[in-house]
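Written below as C-alpha cells is the structure these notes are about.
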Amino acid sequence: MSTGLVIFIVLLLIVVGVALYAVSLYNGFVRSRNLIQESWRQIDVELNRRYDLIPNLVETVRAYAAHERNTLEGVTRLRNQAAALAQAGGGVTEERAQIEEQLSGAVRNLLVSVEAYPELKSNVNFLELQRELTATEDRIAAGRRFYNANVRNYNTQVESFPSNVLAGMFKFEKATYFEVNEAAVRQAPQVSFGEISTRPGGSPEPTNDQLAAGSTPSALPNPQAYPQANPATPAPGEFGNPQPPTYAPPAQPPTYTPPTQQPPTYQQPPQS
C-alpha cells in the first residue's frame with residue numbers, strides 16, 4: 001500500500017469522525033432544545049390553571065372582606081397581566097417571569113392574611129381553593145426547577161468548546177432561565193388586610209402595548225424581559241408598613257388621704 005493511499009485513508013477517517021461528531025453535537029442541541037420546550041409547556045399548564053383559580057379565590061374572599069378592595073385588586077391586576085402575557089406569546093420572557101413571581105408572592109400572602117377571618121377560614125369553597133392553589137404552586141416550583149436544570153445543561157453546550165462553534169453556525173442561542181435575577185425584585189409583594197390606601201408618587205400601571213413591547217417570538221422560551229421596578233415603591237394594590245400607634249401610660253391617679261377623725265368632746269350638763 002502506497003504512502004499516498006495511507007494518508008488519504010487517514011484523512012478520510014478524520015473527516016468522517018469530525019462529521020459524525022458534528023452530527024452528534026447537532027442532534028444533542030436539538031434534543032436539549034426540545035426538552036426545554038417540553039418542560040416549559042408543563043409549567044405553562046400549571047400557570048394557566050392558576051389563572052383560572054385566582055378569580056374564584058378573589059370572589060370568595062370579597063364576600064367576607066369586601067372592604068379589602070386594594071388587596072384584592074392588586075392580586076387581580078397581577079393575574080390579568082400574567083394572563084395577557086401568556087396569551088400574547090406563550091413563551092418564557094423576563095417580563096412574564098417577574099410578573100409570575102410577584103403573583104406567586106401575592107397569592108401566598110393573601111392566603112396567610114385570611115387568618116384574621118375565622119369565618120372565611122371555615123368556608124368550604126375557600127378551603128378547596130386554598131388546597132388547589134397550594135398544590136398548583138408546588139407543581140409550578142417543581143416544574144421550574146426541572147426547566148432551569150435543562151436550560152443549564154443546554155447553555156453549557158452552547159458556551160463550551162468545540163460545541164459553541166457548531167452552535168454559532170446553526171444559530172443555537174442561549175435559553176433563558178425562569179427566575180428573577182435581582183435580589184431586590186425577588187422580594188414578594190406585601191399583601192395585607194388593612195386600611196385602603198393610595199400609592200403616593202407611584203407610576204401608572206402599564207398599558208397593554210407596554211406589556212407586549214418586551215415579548216418577541218423565539219424558538220426557545222425566554223422568561224426574562226421585564227423592566228424591573230423599584231421594589232421600594234409599593235405597587236398598586238399593595239400597602240406600606242403602617243407605624244403602630246405610640247402608647248402613652250396613663251397618669252398616676254391622685255393619692256387619697258383619709259380625713260383624721262377627731263374624738264367627740266363631752267360636756268357635762270349644767271347643775272340645777
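The values are calculated or read from the model by the stated rules, or taken from the named source; none is laboratory data. What you are looking at is a predicted structure, and each value in this text was computed from that prediction instead of being measured. Glycine also receives a Cβ, built like all others from the backbone with ideal geometry; neighbour counts cover every protein chain displayed.
Here the condition is being more than 17 Å from the chain's Cα centre (by Cα) and at pLDDT 90 or above; of ARG131, ARG79, ARG144, it holds for ARG131 alone. What about ALA88, is it of a type outside the set (Asp, Glu), surrounded by 16 or more Cβ atoms within 10 Å (Cβ to Cβ) and either over 24 Å from SER104 (Cβ atoms) or touching a Ser or Thr at 6+ places or on another chain (Cβ under 7 Å) (or both)? Taking the combined requirement at face value, the residue satisfies it. Just one of the numbered conditions (1) farther than 19 Å from GLU137 by Cα; (2) not in a helix (DSSP H, G or I); (3) not hydroxyl-bearing (Ser, Thr, Tyr) is not true of VAL92: (1). When GLU132, GLU128, GLU119, GLU115 are checked against the criterion of being surrounded by fewer than 18 Cβ atoms within 10 Å (Cβ to Cβ), out of contact with any helix residue (DSSP H, G or I) (no Cβ under 9 Å at 6 or more places or on another chain) and assigned to a helix (DSSP H, G or I), a single residue qualifies: GLU128. When restricted to residues that are over 25 Å from ASN48 (Cα atoms) and aliphatic (A, V, I, L, M), the stretch 123-163 contains 1. Kindly establish whether ALA97 is of a type outside the set (Lys, Arg), buried (at least 20 other Cβ atoms within 10 Å of the Cβ), under 18 Å from ASN56 (Cβ atoms) and in contact with a Pro (Cβ under 6 Å, 6 or more places away or on another chain). So ALA97 fails the test.
Restricting to the stretch 38-76, and then to whatever is under 15 Å from the mean Cα position of the chain (by Cα) and over 21 Å from GLY143 (Cβ atoms), can you tell me which residue is surrounded by the most Cβ atoms within 10 Å (Cβ to Cβ)?
Here is the first cut: in the stretch 38-76, the residues under 15 Å from the mean Cα position of the chain (by Cα) are 43-44, 46-48, 50-51, 54, 74-76.
Still in the running and over 21 Å from GLY143 (Cβ atoms): 74-76.
Details: GLY74: 25, VAL75: 23, THR76: 18.
Going through the qualifying residues, I end up with GLY74.
Hey, can you tell me all the residues within the stretch 1-36 that are buried (at least 17 other Cβ atoms within 10 Å of the Cβ) and either under 22 Å from the mean Cα position of the chain (by Cα) or closer than 30 Å to ARG79 by Cα (or both)? The answer is ARG33, LEU35, ILE36. Annotation note: of VAL23, VAL30, VAL61, the sole residue that is β-branched (Val, Ile, Thr) and more than 17 Å from PHE172 (Cβ to Cβ) is VAL61. On the stretch given as the stretch 139-178, residues that are surrounded by fewer than 18 Cβ atoms within 10 Å (Cβ to Cβ), part of a loop (DSSP other than H, G, I, E, B) and at negative phi total 6.
Could you list all residues from the stretch 100-128 that are farther than 17 Å from GLU179 by Cα, hydrophobic (A, V, I, L, M, F, W, C) and within 10 Å of the chain's Cα centre (by Cα)? Of everything in the stretch 100-128, just one residue is farther than 17 Å from GLU179 by Cα, hydrophobic (A, V, I, L, M, F, W, C) and within 10 Å of the chain's Cα centre (by Cα), namely VAL107.
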